């Protein structure tokens, strides 16, 4: 990702921007997000516990390429992506974006997987909220960004499916 690019989805100044469309997920994130083991780690990253759910954003075009680059940095394969998008994502340098490892755990014989988080700002409806992009080690979709925040984003920002929003991930 080049700094000072003006194309949508590219780095502008000292941050990386990803735009996406709010979309409903499977409604299962709360099962994972409410786990004490995860919440303790989110406090370390965000300074407080986070809302027990995620907000999903569908991404495409250059925004998808930027997200694939984050997935690569997280060590997650993106086998379903178009070859051209993968190659473009591999050319993006994210060495100055800090990643935070979320450790998985076992509880009562059930495995809860790990994830990687990237701190960001979430912008919609003229408001900005601190958040993190969460990339689970096991995920079904390579084109859906999961966002966590101490704030219930849908309610606070009055979001509905189909709304376009932006994320800014800051470079160190």
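Along the Cα→Cβ direction, 7 angstrom out, place labels at residue 139 and residue 49. What is the inter-label distance in nm? Going by the 7 Å Cα→Cβ label model, 2.4 nm. Listed values [x] 0.98; [y] 1.08; [z] 0.94 include one computed from this model; for Rg/Rh (Cα atoms, Kirkwood Rh) that value carries the label [z].
Rounded to the nearest 0.05, what FRET efficiency do residue 130 and residue 90 have when you use their Cβ-Cβ distance and R0 = 41 Å? Efficiency at R0 = 41 Å is approximately 0.90.
Placing a label point 7 Å from the Cα of residue 58 along the Cα-to-Cβ line, the residues of the range 130-145 whose backbone N sits under 11 Å from it are 144.
Report summary: the helix-based calculation at 222 nm, which adds -39500 (n - 2.57) for every DSSP H run with n ≥ 4 and divides by the residues of the chain, gives -6500 deg cm²/dmol.
Multiplying the residue separation of residue 160 and residue 172 by 0.36 nm and subtracting their alpha-carbon distance yields 1.1 nm. As a rough footprinting exposure proxy, the listed residues 135, 148, 160 were ranked by other beta carbons within 10 Å of their own, and the order from fewest upward is 160, 135, 148. Compared with the dominant Cα axis of the chain, that is its longest principal axis, helix 61-74 is turned about 50°. Largest GNM mean-square fluctuation among 69, 120, 81, using the chain with Cα springs under 10 Å: 81.
Take the Cα of residue 100, go 7 Å toward its beta carbon, and the backbone nitrogen atoms of the range 32-56 under 16 Å from that spot belong to 33-55. Considering only alpha-carbon pairs that sit under 8 angstrom and 6 or more positions apart, the relative contact order computed for the range 11-170 is 32 percent. Summary of the geometry: the range 149-172 and the range 91-118, compared by the centres of their Cα atoms, lie 20 Å apart.
Computing FRET efficiency as 1/(1 + (r/R0)^6) for residue 83 and residue 15, where r is the C-beta to C-beta distance and R0 is 22 Å, gives about 0.20. When 149, 23 are arranged by Cβ crowding within 10 Å, least crowded first, meaning fewest neighbours, the order is 23, 149.
Values in this text are rule-based calculations from the coordinates and carry no lab data. Everything numeric in this text was worked out from a predicted model, so none of it was measured. Backbone-built Cβ (ideal geometry, glycine too); neighbour counts: all protein chains shown.
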